[in-house]
1. Inside segment 74-94, can you point out the residues that are farther than 20 Å from Ala159 by Cα and open to solvent by less than 50 Å² (accessible area, probe 1.4 Å)?
2. If you check Ala9 against the conditions, is it open to solvent by less than 20 Å² (accessible area, probe 1.4 Å) and either among the β-branched types (Val, Ile, Thr) or closer than 23 Å to Leu169 by Cβ (or both)?
3. Please go through segment 95-130 and pick out each residue that is surrounded by fewer than 21 Cβ atoms within 10 Å (Cβ to Cβ) and polar (S, T, N, Q).
4. Is it true that some residue in segment 70-79 is in a loop (DSSP other than H, G, I, E, B) and in contact with a Phe, Trp or Tyr (Cβ under 6 Å, 6 or more places away or on another chain)?
5. Within the bounds of segment 38-47, is there any residue that is within 14 Å of ligand 1 (Cβ to nearest atom), open to solvent by 10 Å² or more (accessible area, probe 1.4 Å), out of contact with any Phe, Trp or Tyr (no Cβ under 9 Å at 6 or more places or on another chain) and within 21 Å of Ser195 (Cα to Cα)?
6. Please go through (1) in contact with a strand residue (DSSP E or B) (Cβ under 9 Å, 6 or more places away or on another chain); (2) assigned to a loop (DSSP other than H, G, I, E, B); (3) in contact (Cβ under 8 Å) with a residue 40 or more places away in the chain; (4) charged (D, E, K, R) for Arg35 and return the number of the only condition it doesn't satisfy.
7. Would you pick out the residues in segment 155-201 that are open to solvent by 20 Å² or more (accessible area, probe 1.4 Å) and either within 25 Å of Arg18 (Cβ to Cβ) or of a type in the set (S, T, N, Q) (or both)?
Amino acid sequence: MGWIAIVPAAGSGSRLARPDPKAFVSLGGRMLVERALDMLRAVPFDRIAVAVPQERLPAMAGILHPNEIAVEGGPTRAQSVRRAFDALDPGPGDVVCLHDAARPLVSAEETARVMRAAVRVGAAIAATPLVDTLKRVDGRRVTGTVDREGLWAAATPQAFRGEILRRALSAAAEATDEASLCEALGVAVEVVPVSRLVFKVTTPEDLELAEAILARRDA
Ligand code: CTP
Ligand code: MG
């Protein structure tokens, strides 16, 4: 049984609005994609594939270890994941972890916990219970309050036995995460509660927040 990781890092980061693609933006002196690799190497994984924008493939060659590859990403996250999956071609007994480069504060310990849950159950995702009161809004008008009970925010890492992920990805559906493809197949998915620091760097203030947390850690 091999431990395999896929890093979707091929997005442009339109909401971050930086000249570089988001995964290639530096955070405390290290690019988001490098931080993802550092964390995954500490777990550790047997093999890693990173999906990056085509023009970044040459730069990746200087960063990757011998058991790691870079593939050209696709136009959507789901397609980037499929390309990386096809390049790695995991076996049915391998366990495959997907982790977005955009979540730089996830720890190796949290990732190992998600992996162990996937070994046990078949499919597991890092998630956090929602903390805010949720409003349904039409235009600017509040039309209702959504019951928060039982609602969790899904993050990455997400991990799956190879045979389950292969089946999930062979469905034609485009999804924003792989767990939803498994749910559609009726596969049981377990949540692994993690720190709220698993948040995804999406907007400029997310980057500022992540930078401040890392600076405080390094101080
Ligand atoms: N991703 C990818 N391939 C794509 C789109 C996204 O590999 N075609 C990756 C991103 O690099 C990121 C993760 O999927 O690590 C989550 O996506 P998101 O946070 O939406 O990143 P972007 O799509 O780059 O950002 P935006 O939606 O603001 O453009
Ligand atoms: Mg996106």
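The values are calculated or read from the model by the stated rules, or taken from the named source; none is laboratory data. Because the structure is a prediction, the values reported are computed rather than measured. In this analysis, Cβ positions are derived from the backbone assuming ideal geometry, glycine residues included, and neighbour counts consider all displayed protein chains. Keep in mind that these areas ignore ligands, DNA and RNA; they rest on the heavy atoms of the full protein, side chains included. Shrake-Rupley method; radii C 1.70, N 1.55, O 1.52, S 1.80 Å.
1. Going through segment 74-94, the residues farther than 20 Å from Ala159 by Cα turn out to be 74-75.
Gly74 - this is the single residue of segment 74-94 that is farther than 20 Å from Ala159 by Cα and open to solvent by less than 50 Å² (accessible area, probe 1.4 Å).
2. Working: open to solvent by less than 20 Å² (accessible area, probe 1.4 Å): yes; either among the β-branched types (Val, Ile, Thr) or closer than 23 Å to Leu169 by Cβ (or both): yes.
Yes.
3. Once the filter is applied, which keeps residues that are surrounded by fewer than 21 Cβ atoms within 10 Å (Cβ to Cβ) and polar (S, T, N, Q), segment 95-130 yields Ser107, Thr128.
4. First, pick out the residues of segment 70-79 that are in a loop (DSSP other than H, G, I, E, B): 73-76.
Retained after the next criterion (residues that are in contact with a Phe, Trp or Tyr (Cβ under 6 Å, 6 or more places away or on another chain)): none.
Within segment 70-79, none of the residues are in a loop (DSSP other than H, G, I, E, B) and in contact with a Phe, Trp or Tyr (Cβ under 6 Å, 6 or more places away or on another chain).
5. Restricting attention to segment 38-47, the residues satisfying the condition of being within 14 Å of ligand 1 (Cβ to nearest atom) are 39-40.
If we keep only those that are open to solvent by 10 Å² or more (accessible area, probe 1.4 Å) as well, we get 39.
After this cut, where a residue has to be out of contact with any Phe, Trp or Tyr (no Cβ under 9 Å at 6 or more places or on another chain) as well, the list is 39.
Adding the requirement that they be within 21 Å of Ser195 (Cα to Cα) leaves 39.
Yes: segment 38-47 contains one or more residues that are within 14 Å of ligand 1 (Cβ to nearest atom), open to solvent by 10 Å² or more (accessible area, probe 1.4 Å), out of contact with any Phe, Trp or Tyr (no Cβ under 9 Å at 6 or more places or on another chain) and within 21 Å of Ser195 (Cα to Cα).
6. (2)
7. Answer for segment 155-201, where residues must be open to solvent by 20 Å² or more (accessible area, probe 1.4 Å) and either within 25 Å of Arg18 (Cβ to Cβ) or of a type in the set (S, T, N, Q) (or both): Ser170, Thr176, Asp177, Ser180, Ser195, Arg196, Leu197, Phe199, Lys200.
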